[in-house]
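A quick write-up on the structure given underneath.
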Amino acid sequence: MHRIAKFHFVSPAQFMTAMKEEYPQYTEEQIKEMYEALKLPKRATKGSAGYDFFAPFTFKLTPGETIKIPTGIRAEMQEDWVLQIYPRSGLGFKYRLQMNNTVGIIDSDYFFSDNEGHIFMKITNDSNEGKSVEVPAGTGFAQGICSTVSQRTMMRKAFATVASEVLQNNS
């Protein structure tokens, strides 16, 4: 099998900085424990399309509440590949958990950024049924799907072609 992406942990210092910035209530010792418990993203089964990302700490979201999560993870990808981040489908279906930017996009060159390519996820509980969601530390809460940039371009062209044909047929 041809590997197009590999996940790594950010450095302990990068994780500490991000956590202190976002969550000053945690002590350095608590953050070190979280870092040591981080898990790299992985597929749940052979047939899984996405790599599960795991919560570095327990969090609860009430309806309308948003959280920004430093994952402690970075992704090394071949050029012309992208990592698309979505909420785990069960959380999206049950609680309307959504990425704040609809789909998180991690470009292949983000790995080399100043923050070591640290992947953050900003998610909202958009429940209109009054449902709160609690995600325990170490539980999958998001998934990343790798695709080539050319695949996205081909899909856009195919959609544009179909849309054009539909418009012509309805004229």
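Please treat every number below as a calculation from the coordinates, not as lab data. This one's a predicted model, so the numbers in the text were calculated from it and none came from an experiment. We place every Cβ from the backbone using ideal geometry, glycine too, and count neighbours over all the protein chains shown.
Working ranking of peptides 125-132, 136-143 by packing, defined as the average number of other Cβ atoms within 10 Å per residue, highest first, is 136-143, 125-132. For semi-axes √(5λ) of the Cα gyration tensor in Å, pick the label among (1) 31, 22, 14; (2) 31, 17, 15; (3) 25, 20, 16 that corresponds to the value derived from the coordinates. Computing semi-axes √(5λ) of the Cα gyration tensor in Å and matching it to (1) 31, 22, 14; (2) 31, 17, 15; (3) 25, 20, 16 gives (1). Of ILE145, GLN78, ILE31, which is farthest along the charge dipole of the chain in the positive direction, counting Lys and Arg as +1 and Asp and Glu as -1 at C-beta? Of the candidates, ILE145 comes out farthest on the positive side. Segment GLU22..ALA49, full-extension length gain: 6.7 nm, with 0.36 nm per residue of separation and the alpha-carbon distance subtracted. Taking each DSSP H run with n ≥ 4 as -39500 (n - 2.57) and averaging over every residue of the chain yields -9000 deg cm²/dmol at 222 nm. Its Cα centre serving as origin, the chain has a Cβ charge dipole (Lys and Arg +1, Asp and Glu -1) of approximately 640 debye.
Computed over the chain, relative contact order equals 29 percent, with contacts defined as Cα pairs under 8 Å that lie 6+ residues apart.
The angle between the Cα long axis of helix 12-22 and the longest principal axis of the Cα atoms of the chain comes to about 80 degrees, rounded to the nearest 10.
Cross-linked pairs LYS20/LYS68; LYS42/LYS94; LYS6/LYS32; LYS20/LYS94; LYS46/LYS68; LYS6/LYS68: Cα-Cα separations exceed 20 Å for LYS42/LYS94; LYS6/LYS32; LYS20/LYS94; LYS46/LYS68; LYS6/LYS68.
Relative to the longest principal axis of the Cα atoms of the chain, the long axis of helix 149-169 lies at roughly 40 degrees.
Full extension of the chain between SER113 and ASN101 gives 2.3 nm of extra length, using 0.36 nm per residue less the Cα-Cα distance.
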